[in-house]
Amino acid sequence: MNRFLGYRCSLCGQEYLPGQVEYCCPQDGGNLDVVLDYDAIRREWAPGQITASAEPSLWRYLPLLPVGDPGGSGTPLRAAGWTPVFQPPELAAELGLRHLWVKDEGRNPSASFKDRASAVVVARARELRRETVVTASTGNAGAALACMGAAVGQPVVIFAPKTAPPAKVAQLLVFGANVILVDGSYDQAFDLTVEAAGRYGWYCRNTGYNPFSLEGKKTGAYEIWEQVLPLVPAGGPPLCVFISVGDGNIISGIHKGFKDLQALGWLEQMPRIFGVQAEGSAAVAQTFLRGDENVQPVQARTLADSISVDLPRDGVRAVRAARETGGSYIIVSDEEIIQAIPRLGRAGIFAEPAGAAAFAGLVKAVQSGMIGENDPVVVINTGSGLKDIRAAMQSVQPAPVIAPAIEALSDFLESKTAGRAEPS
Ligand SMILES: *Cc1c(COP(=O)(O)O)cnc(C)c1O
Ligand SMILES: [Zn+2]
(Lines give C-alpha, C1' and ligand atoms only; values in the text may rest on other atoms or scores of the structure.)
(Ligands and ions follow the chains in the order given, each with its own letter.)
Protein backbone atom coordinates (compact mmCIF):
# COMPACT_ATOMS: atom_id res chain seq x y z
CA MET A 1 0.00 0.00 0.00
CA ASN A 2 2.97 2.37 0.26
CA ARG A 3 2.66 2.87 -3.51
CA PHE A 4 -0.34 5.21 -2.84
CA LEU A 5 1.35 8.51 -2.00
CA GLY A 6 -1.65 10.86 -2.04
CA TYR A 7 -3.40 13.21 -4.43
CA ARG A 8 -2.56 16.10 -6.74
CA CYS A 9 -5.16 18.67 -7.81
CA SER A 10 -5.55 18.74 -11.58
CA LEU A 11 -6.22 22.51 -11.48
CA CYS A 12 -3.88 24.10 -8.92
CA GLY A 13 -1.33 21.30 -8.52
CA GLN A 14 -1.66 21.24 -4.71
CA GLU A 15 -0.69 17.87 -3.23
CA TYR A 16 -2.50 16.12 -0.39
CA LEU A 17 -1.76 13.10 1.77
CA PRO A 18 -4.12 10.11 1.55
CA GLY A 19 -5.97 10.96 4.77
CA GLN A 20 -6.07 14.71 4.17
CA VAL A 21 -8.88 14.95 1.61
CA GLU A 22 -11.54 12.61 0.32
CA TYR A 23 -13.02 13.90 -2.93
CA CYS A 24 -12.16 17.16 -4.77
CA CYS A 25 -9.60 19.89 -4.08
CA PRO A 26 -10.83 21.91 -1.08
CA GLN A 27 -9.38 25.08 -2.61
CA ASP A 28 -10.88 25.11 -6.10
CA GLY A 29 -13.03 21.99 -6.46
CA GLY A 30 -10.59 20.54 -9.01
CA ASN A 31 -10.52 16.79 -9.71
CA LEU A 32 -7.77 15.03 -7.76
CA ASP A 33 -5.29 12.71 -9.46
CA VAL A 34 -4.09 9.80 -7.36
CA VAL A 35 -0.29 9.97 -7.03
CA LEU A 36 1.51 6.64 -7.13
CA ASP A 37 5.09 5.83 -6.19
CA TYR A 38 6.27 4.83 -9.66
CA ASP A 39 9.83 4.17 -8.46
CA ALA A 40 8.60 1.69 -5.85
CA ILE A 41 6.37 -0.05 -8.41
CA ARG A 42 9.19 -0.23 -10.96
CA ARG A 43 11.56 -1.68 -8.34
CA GLU A 44 9.12 -4.43 -7.43
CA TRP A 45 7.49 -5.26 -10.76
CA ALA A 46 8.45 -5.89 -14.35
CA PRO A 47 5.71 -5.55 -16.98
CA GLY A 48 6.08 -9.24 -17.86
CA GLN A 49 5.13 -10.23 -14.32
CA ILE A 50 1.89 -8.32 -14.60
CA THR A 51 0.96 -9.58 -18.05
CA ALA A 52 1.69 -13.14 -16.88
CA SER A 53 -1.02 -12.87 -14.20
CA ALA A 54 -3.69 -15.59 -14.31
CA GLU A 55 -6.30 -13.22 -12.81
CA PRO A 56 -9.03 -12.71 -15.49
CA SER A 57 -10.15 -9.32 -14.15
CA LEU A 58 -8.88 -5.81 -13.53
CA TRP A 59 -7.37 -7.10 -10.27
CA ARG A 60 -4.45 -8.37 -12.36
CA TYR A 61 -3.29 -4.72 -12.10
CA LEU A 62 -3.37 -4.62 -8.29
CA PRO A 63 0.30 -3.49 -8.15
CA LEU A 64 -0.73 -0.31 -10.04
CA LEU A 65 -3.85 0.43 -7.98
CA PRO A 66 -4.11 2.58 -4.81
CA VAL A 67 -6.02 -0.14 -2.93
CA GLY A 68 -5.11 -3.48 -1.39
CA ASP A 69 -6.52 -6.84 -2.46
CA PRO A 70 -10.27 -6.58 -1.78
CA GLY A 71 -10.85 -10.34 -1.55
CA GLY A 72 -14.28 -11.28 -2.87
CA SER A 73 -12.92 -14.38 -4.55
CA GLY A 74 -15.63 -16.29 -6.42
CA THR A 75 -17.83 -13.18 -6.72
CA PRO A 76 -18.56 -10.73 -9.56
CA LEU A 77 -16.14 -8.27 -7.91
CA ARG A 78 -13.40 -10.48 -9.34
CA ALA A 79 -15.00 -10.43 -12.80
CA ALA A 80 -14.87 -6.69 -13.50
CA GLY A 81 -12.65 -5.80 -16.43
CA TRP A 82 -10.46 -8.04 -18.65
CA THR A 83 -13.10 -7.68 -21.34
CA PRO A 84 -12.65 -9.13 -24.83
CA VAL A 85 -11.21 -7.27 -27.80
CA PHE A 86 -12.61 -8.13 -31.23
CA GLN A 87 -11.09 -7.49 -34.63
CA PRO A 88 -14.14 -7.37 -36.95
CA PRO A 89 -12.86 -7.75 -40.53
CA GLU A 90 -16.06 -6.59 -42.27
CA LEU A 91 -16.27 -3.40 -40.24
CA ALA A 92 -12.63 -2.63 -40.93
CA ALA A 93 -13.17 -3.21 -44.66
CA GLU A 94 -16.31 -1.02 -44.72
CA LEU A 95 -14.35 1.83 -43.18
CA GLY A 96 -11.26 1.19 -45.28
CA LEU A 97 -9.10 0.69 -42.17
CA ARG A 98 -6.26 -1.82 -42.00
CA HIS A 99 -6.34 -2.25 -38.23
CA LEU A 100 -9.59 -1.97 -36.26
CA TRP A 101 -10.40 -3.39 -32.84
CA VAL A 102 -13.51 -3.11 -30.68
CA LYS A 103 -13.17 -3.57 -26.93
CA ASP A 104 -16.51 -4.77 -25.60
CA GLU A 105 -17.22 -3.45 -22.12
CA GLY A 106 -20.76 -4.80 -22.35
CA ARG A 107 -19.18 -8.06 -21.13
CA ASN A 108 -18.66 -6.72 -17.61
CA PRO A 109 -20.74 -8.22 -14.74
CA SER A 110 -23.33 -5.43 -14.85
CA ALA A 111 -22.80 -4.90 -18.60
CA SER A 112 -20.95 -1.58 -18.72
CA PHE A 113 -17.52 0.03 -18.31
CA LYS A 114 -18.71 1.43 -14.95
CA ASP A 115 -17.96 -1.86 -13.19
CA ARG A 116 -14.28 -0.92 -13.27
CA ALA A 117 -14.87 2.22 -11.21
CA SER A 118 -17.35 0.61 -8.85
CA ALA A 119 -15.09 -2.37 -8.15
CA VAL A 120 -12.22 -0.13 -7.06
CA VAL A 121 -14.48 2.28 -5.11
CA VAL A 122 -16.05 -0.66 -3.23
CA ALA A 123 -12.55 -1.94 -2.43
CA ARG A 124 -11.67 1.51 -1.08
CA ALA A 125 -14.91 1.77 0.93
CA ARG A 126 -14.13 -1.54 2.61
CA GLU A 127 -10.62 -0.43 3.47
CA LEU A 128 -12.07 2.72 5.02
CA ARG A 129 -14.77 0.60 6.75
CA ARG A 130 -17.53 2.81 5.39
CA GLU A 131 -20.97 1.35 6.03
CA THR A 132 -22.83 2.74 3.03
CA VAL A 133 -21.71 3.77 -0.46
CA VAL A 134 -23.88 6.16 -2.45
CA THR A 135 -23.83 7.31 -6.06
CA ALA A 136 -25.76 9.41 -8.49
CA SER A 137 -26.19 7.69 -11.81
CA THR A 138 -27.93 7.86 -15.15
CA GLY A 139 -28.19 4.09 -14.63
CA ASN A 140 -24.91 2.35 -15.38
CA ALA A 141 -22.78 3.70 -12.54
CA GLY A 142 -25.58 2.77 -10.18
CA ALA A 143 -26.05 -0.71 -11.66
CA ALA A 144 -22.30 -1.24 -11.38
CA LEU A 145 -22.15 -0.10 -7.77
CA ALA A 146 -25.25 -2.17 -6.92
CA CYS A 147 -23.67 -5.24 -8.54
CA MET A 148 -20.26 -4.86 -6.91
CA GLY A 149 -21.90 -4.02 -3.56
CA ALA A 150 -24.14 -7.09 -3.78
CA ALA A 151 -21.10 -9.24 -4.59
CA VAL A 152 -19.43 -8.47 -1.26
CA GLY A 153 -22.37 -7.47 0.96
CA GLN A 154 -21.70 -3.74 0.87
CA PRO A 155 -24.92 -1.69 1.31
CA VAL A 156 -25.41 0.94 -1.40
CA VAL A 157 -27.81 3.82 -2.11
CA ILE A 158 -28.46 4.90 -5.70
CA PHE A 159 -30.00 8.16 -6.87
CA ALA A 160 -31.06 8.00 -10.53
CA PRO A 161 -33.28 10.25 -12.63
CA LYS A 162 -36.75 8.73 -12.88
CA THR A 163 -36.31 8.82 -16.68
CA ALA A 164 -33.48 6.21 -16.58
CA PRO A 165 -34.09 3.32 -19.04
CA PRO A 166 -36.17 0.58 -17.36
CA ALA A 167 -33.50 -2.13 -17.84
CA LYS A 168 -31.04 -0.11 -15.78
CA VAL A 169 -33.58 0.54 -13.03
CA ALA A 170 -34.42 -3.18 -13.04
CA GLN A 171 -30.75 -4.00 -12.49
CA LEU A 172 -30.55 -1.62 -9.53
CA LEU A 173 -33.58 -3.20 -7.89
CA VAL A 174 -32.65 -6.80 -8.60
CA PHE A 175 -29.14 -6.27 -7.20
CA GLY A 176 -30.84 -5.18 -3.98
CA ALA A 177 -29.67 -1.56 -3.85
CA ASN A 178 -31.60 1.12 -2.00
CA VAL A 179 -32.90 2.91 -5.09
CA ILE A 180 -34.28 6.42 -4.97
CA LEU A 181 -35.53 7.86 -8.26
CA VAL A 182 -35.24 11.61 -8.54
CA ASP A 183 -37.84 13.69 -10.34
CA GLY A 184 -35.11 15.71 -12.04
CA SER A 185 -31.98 15.49 -14.16
CA TYR A 186 -28.80 13.51 -13.56
CA ASP A 187 -27.09 16.75 -12.58
CA GLN A 188 -29.71 17.42 -9.91
CA ALA A 189 -29.33 13.84 -8.64
CA PHE A 190 -25.56 14.40 -8.52
CA ASP A 191 -25.84 17.48 -6.30
CA LEU A 192 -28.38 15.77 -4.05
CA THR A 193 -26.03 12.79 -3.63
CA VAL A 194 -23.12 14.98 -2.55
CA GLU A 195 -25.34 16.71 0.00
CA ALA A 196 -26.80 13.42 1.29
CA ALA A 197 -23.33 11.86 1.61
CA GLY A 198 -22.24 14.81 3.74
CA ARG A 199 -25.30 14.71 5.96
CA TYR A 200 -25.47 10.92 6.50
CA GLY A 201 -21.77 10.06 6.41
CA TRP A 202 -22.09 7.90 3.30
CA TYR A 203 -19.07 7.25 1.08
CA CYS A 204 -19.75 8.93 -2.26
CA ARG A 205 -18.77 7.19 -5.49
CA ASN A 206 -19.93 9.99 -7.80
CA THR A 207 -18.21 10.01 -11.17
CA GLY A 208 -15.66 12.81 -11.50
CA TYR A 209 -15.85 13.44 -7.76
CA ASN A 210 -14.40 10.37 -6.05
CA PRO A 211 -10.75 10.02 -7.24
CA PHE A 212 -10.94 6.23 -7.00
CA SER A 213 -13.53 5.98 -9.79
CA LEU A 214 -10.88 7.15 -12.26
CA GLU A 215 -8.34 4.70 -10.79
CA GLY A 216 -10.74 1.88 -11.67
CA LYS A 217 -11.38 3.23 -15.15
CA LYS A 218 -7.69 3.55 -15.97
CA THR A 219 -7.47 -0.25 -16.05
CA GLY A 220 -9.17 -0.08 -19.45
CA ALA A 221 -5.95 1.50 -20.76
CA TYR A 222 -3.82 -1.21 -19.15
CA GLU A 223 -5.87 -3.82 -21.01
CA ILE A 224 -5.47 -1.99 -24.32
CA TRP A 225 -1.73 -1.97 -23.57
CA GLU A 226 -1.81 -5.75 -23.06
CA GLN A 227 -4.38 -6.79 -25.65
CA VAL A 228 -4.05 -4.32 -28.53
CA LEU A 229 -0.70 -2.49 -28.50
CA PRO A 230 1.35 -5.65 -29.19
CA LEU A 231 -0.68 -6.05 -32.42
CA VAL A 232 -0.06 -2.49 -33.64
CA PRO A 233 2.65 -2.44 -36.34
CA ALA A 234 5.88 -1.07 -34.88
CA GLY A 235 7.23 2.14 -36.40
CA GLY A 236 3.84 3.08 -37.81
CA PRO A 237 1.30 5.69 -36.67
CA PRO A 238 0.17 5.49 -33.03
CA LEU A 239 -2.94 3.68 -31.88
CA CYS A 240 -6.09 5.84 -31.90
CA VAL A 241 -8.58 5.19 -29.09
CA PHE A 242 -12.24 6.21 -29.55
CA ILE A 243 -14.32 6.78 -26.41
CA SER A 244 -17.73 8.33 -25.84
CA VAL A 245 -17.80 11.15 -23.30
CA GLY A 246 -20.39 12.37 -20.81
CA ASP A 247 -18.85 13.49 -17.52
CA GLY A 248 -15.41 12.83 -19.03
CA ASN A 249 -14.24 10.36 -16.38
CA ILE A 250 -13.75 7.35 -18.69
CA ILE A 251 -11.64 9.28 -21.19
CA SER A 252 -9.64 10.84 -18.33
CA GLY A 253 -9.20 7.40 -16.80
CA ILE A 254 -7.92 5.93 -20.05
CA HIS A 255 -5.49 8.85 -20.30
CA LYS A 256 -4.32 8.30 -16.70
CA GLY A 257 -3.75 4.60 -17.38
CA PHE A 258 -1.49 5.38 -20.34
CA LYS A 259 0.30 8.11 -18.36
CA ASP A 260 0.99 5.61 -15.54
CA LEU A 261 2.52 3.19 -18.06
CA GLN A 262 4.56 5.98 -19.61
CA ALA A 263 5.85 7.10 -16.21
CA LEU A 264 6.87 3.52 -15.49
CA GLY A 265 8.73 3.38 -18.81
CA TRP A 266 6.49 0.56 -19.99
CA LEU A 267 4.83 2.39 -22.91
CA GLU A 268 6.70 3.05 -26.13
CA GLN A 269 4.26 5.33 -27.91
CA MET A 270 1.41 7.28 -26.32
CA PRO A 271 -1.88 6.44 -28.07
CA ARG A 272 -3.97 9.32 -29.45
CA ILE A 273 -7.25 9.70 -27.58
CA PHE A 274 -10.45 10.75 -29.37
CA GLY A 275 -13.56 11.76 -27.43
CA VAL A 276 -17.01 11.48 -28.98
CA GLN A 277 -19.98 13.46 -27.71
CA ALA A 278 -23.62 13.68 -28.71
CA GLU A 279 -24.63 16.93 -30.39
CA GLY A 280 -27.11 17.71 -27.63
CA SER A 281 -24.62 17.09 -24.81
CA ALA A 282 -21.29 18.36 -26.08
CA ALA A 283 -19.88 20.61 -23.34
CA VAL A 284 -16.44 18.96 -23.36
CA ALA A 285 -16.14 18.82 -27.15
CA GLN A 286 -17.10 22.49 -27.45
CA THR A 287 -14.44 23.40 -24.91
CA PHE A 288 -11.82 21.36 -26.76
CA LEU A 289 -12.76 22.91 -30.10
CA ARG A 290 -12.61 26.43 -28.60
CA GLY A 291 -9.13 25.64 -27.35
CA ASP A 292 -9.56 26.48 -23.67
CA GLU A 293 -10.39 24.62 -20.45
CA ASN A 294 -13.39 26.68 -19.48
CA VAL A 295 -16.13 24.00 -19.52
CA GLN A 296 -19.58 25.59 -19.65
CA PRO A 297 -22.80 23.72 -18.80
CA VAL A 298 -25.34 22.94 -21.53
CA GLN A 299 -28.98 21.85 -21.49
CA ALA A 300 -28.31 18.20 -22.33
CA ARG A 301 -30.65 16.49 -24.80
CA THR A 302 -29.69 13.18 -26.39
CA LEU A 303 -31.16 9.69 -26.56
CA ALA A 304 -27.76 8.36 -25.44
CA ASP A 305 -28.72 8.68 -21.77
CA SER A 306 -25.34 7.54 -20.42
CA ILE A 307 -23.64 10.57 -21.96
CA SER A 308 -26.45 13.05 -21.32
CA VAL A 309 -24.77 15.52 -18.97
CA ASP A 310 -25.36 19.24 -18.40
CA LEU A 311 -22.15 19.99 -16.51
CA PRO A 312 -19.34 17.44 -17.06
CA ARG A 313 -17.76 16.64 -13.68
CA ASP A 314 -14.41 15.73 -15.17
CA GLY A 315 -14.40 18.15 -18.09
CA VAL A 316 -10.94 19.69 -17.75
CA ARG A 317 -9.06 16.38 -17.63
CA ALA A 318 -11.29 15.13 -20.48
CA VAL A 319 -10.23 18.07 -22.67
CA ARG A 320 -6.57 17.41 -21.82
CA ALA A 321 -6.84 13.70 -22.65
CA ALA A 322 -7.35 14.59 -26.30
CA ARG A 323 -5.13 17.66 -26.41
CA GLU A 324 -2.10 16.12 -24.71
CA THR A 325 -2.15 13.00 -26.88
CA GLY A 326 -2.69 14.56 -30.29
CA GLY A 327 -6.27 13.31 -30.38
CA SER A 328 -9.45 15.28 -30.90
CA TYR A 329 -13.17 15.55 -30.18
CA ILE A 330 -15.94 14.59 -32.56
CA ILE A 331 -19.60 15.55 -32.25
CA VAL A 332 -22.26 13.14 -33.58
CA SER A 333 -26.02 13.47 -33.96
CA ASP A 334 -28.53 11.11 -32.34
CA GLU A 335 -29.33 9.91 -35.86
CA GLU A 336 -25.69 8.93 -36.42
CA ILE A 337 -25.64 7.16 -33.04
CA ILE A 338 -28.76 5.17 -33.93
CA GLN A 339 -27.25 4.18 -37.30
CA ALA A 340 -24.12 2.94 -35.56
CA ILE A 341 -26.04 0.43 -33.42
CA PRO A 342 -26.89 -2.06 -36.22
CA ARG A 343 -23.49 -1.51 -37.88
CA LEU A 344 -21.79 -2.82 -34.73
CA GLY A 345 -24.58 -5.37 -34.43
CA ARG A 346 -23.72 -6.85 -37.85
CA ALA A 347 -20.29 -7.60 -36.35
CA GLY A 348 -21.93 -9.40 -33.43
CA ILE A 349 -21.46 -6.54 -30.98
CA PHE A 350 -24.54 -5.17 -29.20
CA ALA A 351 -24.05 -1.60 -27.99
CA GLU A 352 -26.25 0.80 -26.07
CA PRO A 353 -26.47 4.27 -27.68
CA ALA A 354 -23.59 5.72 -25.64
CA GLY A 355 -21.39 2.80 -26.67
CA ALA A 356 -22.37 3.07 -30.32
CA ALA A 357 -21.59 6.80 -30.18
CA ALA A 358 -17.86 6.02 -30.08
CA PHE A 359 -18.19 4.04 -33.32
CA ALA A 360 -20.32 6.79 -34.88
CA GLY A 361 -17.47 9.16 -34.06
CA LEU A 362 -15.00 6.91 -35.84
CA VAL A 363 -17.22 6.77 -38.94
CA LYS A 364 -17.25 10.56 -38.99
CA ALA A 365 -13.50 10.82 -38.38
CA VAL A 366 -12.85 8.51 -41.35
CA GLN A 367 -15.25 10.47 -43.58
CA SER A 368 -13.55 13.75 -42.72
CA GLY A 369 -10.05 12.35 -43.25
CA MET A 370 -9.09 12.81 -39.59
CA ILE A 371 -8.40 9.04 -39.52
CA GLY A 372 -6.68 7.37 -42.49
CA GLU A 373 -6.41 3.74 -43.58
CA ASN A 374 -3.07 3.16 -41.82
CA ASP A 375 -4.16 4.55 -38.47
CA PRO A 376 -4.69 1.65 -36.08
CA VAL A 377 -7.95 2.20 -34.18
CA VAL A 378 -9.58 0.71 -31.10
CA VAL A 379 -13.18 1.66 -30.34
CA ILE A 380 -14.47 1.11 -26.83
CA ASN A 381 -18.07 -0.08 -26.64
CA THR A 382 -18.83 1.15 -23.14
CA GLY A 383 -22.18 -0.57 -22.55
CA SER A 384 -24.38 -3.47 -23.66
CA GLY A 385 -27.31 -2.94 -26.02
CA LEU A 386 -29.53 -4.85 -23.58
CA LYS A 387 -29.39 -1.75 -21.38
CA ASP A 388 -31.70 0.18 -23.70
CA ILE A 389 -33.95 -1.94 -25.87
CA ARG A 390 -36.12 0.98 -26.93
CA ALA A 391 -33.18 2.67 -28.65
CA ALA A 392 -32.11 -0.66 -30.17
CA MET A 393 -35.56 -1.19 -31.71
CA GLN A 394 -35.48 2.34 -33.09
CA SER A 395 -32.34 1.45 -35.03
CA VAL A 396 -33.82 -1.47 -37.01
CA GLN A 397 -36.90 -2.42 -39.06
CA PRO A 398 -39.55 -4.34 -37.11
CA ALA A 399 -39.74 -8.06 -37.86
CA PRO A 400 -42.68 -9.30 -40.00
CA VAL A 401 -45.44 -11.35 -38.39
CA ILE A 402 -46.93 -14.30 -40.29
CA ALA A 403 -49.45 -17.06 -39.60
CA PRO A 404 -47.82 -20.31 -38.37
CA ALA A 405 -48.27 -22.07 -41.74
CA ILE A 406 -45.89 -22.92 -44.59
CA GLU A 407 -48.25 -21.26 -47.13
CA ALA A 408 -48.08 -18.04 -45.17
CA LEU A 409 -44.30 -18.27 -45.21
CA SER A 410 -44.12 -18.88 -48.95
CA ASP A 411 -46.53 -15.99 -49.62
CA PHE A 412 -44.37 -13.82 -47.47
CA LEU A 413 -41.13 -14.87 -49.19
CA GLU A 414 -42.73 -14.29 -52.62
CA SER A 415 -44.01 -10.85 -51.68
CA LYS A 416 -40.55 -9.99 -50.46
CA THR A 417 -38.86 -11.12 -53.70
CA ALA A 418 -41.51 -9.34 -55.75
CA GLY A 419 -40.98 -6.22 -53.69
CA ARG A 420 -37.26 -6.37 -54.24
CA ALA A 421 -37.60 -6.95 -58.03
CA GLU A 422 -39.72 -3.83 -58.47
CA PRO A 423 -37.92 -0.91 -60.03
CA SER A 424 -37.36 1.78 -57.44
C1 LIG B 1 -20.83 6.53 -18.19
C2 LIG B 1 -20.83 6.08 -19.57
C3 LIG B 1 -20.17 6.78 -20.59
C4 LIG B 1 -19.45 8.08 -20.38
O5 LIG B 1 -18.52 8.10 -19.34
P6 LIG B 1 -18.13 9.49 -18.66
O7 LIG B 1 -17.13 9.17 -17.65
O8 LIG B 1 -19.41 10.02 -18.08
O9 LIG B 1 -17.63 10.37 -19.73
C10 LIG B 1 -20.20 6.26 -21.86
N11 LIG B 1 -20.86 5.13 -22.14
C12 LIG B 1 -21.51 4.43 -21.20
C13 LIG B 1 -22.24 3.20 -21.59
C14 LIG B 1 -21.52 4.88 -19.88
O15 LIG B 1 -22.20 4.19 -18.95
ZN1 LIG C 1 -6.86 22.70 -6.50
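The values are calculated or read from the model by the stated rules, or taken from the named source; none is laboratory data. Computed from a predicted structure; not experimentally measured. Please note: Cβ atoms are built from the backbone with ideal geometry, for glycine as well, and neighbour counts cover all protein chains shown. Areas reflect the complete protein model, heavy atoms only, side chains present, ligands, DNA and RNA absent. Shrake-Rupley method; radii C 1.70, N 1.55, O 1.52, S 1.80 Å.
Here are some notes:
- Think of the chain as a dipole: +1 on every Lys or Arg Cβ, -1 on every Asp or Glu Cβ, centred on the Cα centre; then among 242, 11, 276, 11 lies furthest on the positive end.
- Computed on the Cα atoms alone, the convex hull of the chain gives a volume of 164 cubic angstrom per residue.
- Residues whose placed amide H lies under 5 Å from that of residue 36, excluding near-sequence neighbours: 5
- In the stretch 76-120, the GluC sites (Glu not before Pro) that fall in loop regions by DSSP, at most 11 other Cβ within 10 Å: none
- Between residue 85 and residue 324, the distance separating the two model label sites (each 7 Å from Cα on the Cα→Cβ line) works out to 2.2 nm.
- Residue 310 long-range amide H proximity, modeled H, under 5 Å: 187, 300
- Sites residue 301 and residue 373 - FRET efficiency at Förster radius 35 Å, r taken between beta-carbons, to 0.05: 0.50
- For the stretch 259-322, chymotrypsin sites (Phe, Trp or Tyr not before Pro) meeting the loop criterion (DSSP other than H, G, I, E, B) and having at most 14 other Cβ atoms within 10 Å: none.
- Antiparallel %, DSSP beta bridges [both residues in the chain], to 5: 30 percent
- Using a probe radius of 1.4 angstrom, the carbon and sulfur fraction of the accessible surface of the chain is 52%.
- Each of residue 418 and residue 43 was given a label point 7 Å from its Cα along the Cα-to-Cβ line. The distance between the two points is 8.3 nm.
- As a length-normalised measure over Cα pairs under 8 Å and 6 or more apart, the relative contact order of the chain settles at 15 percent.
- The dipole here belongs to the chain: it is taken about the Cα centre, uses +1 on the Cβ of Lys and Arg and -1 on the Cβ of Asp and Glu, and is about 640 debye.
- Cross-link pairs exceeding 22 Å in C-alpha to C-alpha distance, out of 168/256; 103/387; 168/217, comprise 168/256.
- Taking all protein chains into account, the per residue accessible area for the stretch 127-234 stands at 36 Å² (1.4 Å probe).
- Separation in nanometres of the label points that stand 7 Å from Cα toward Cβ, at residue 195 and residue 402: 5.9 nm
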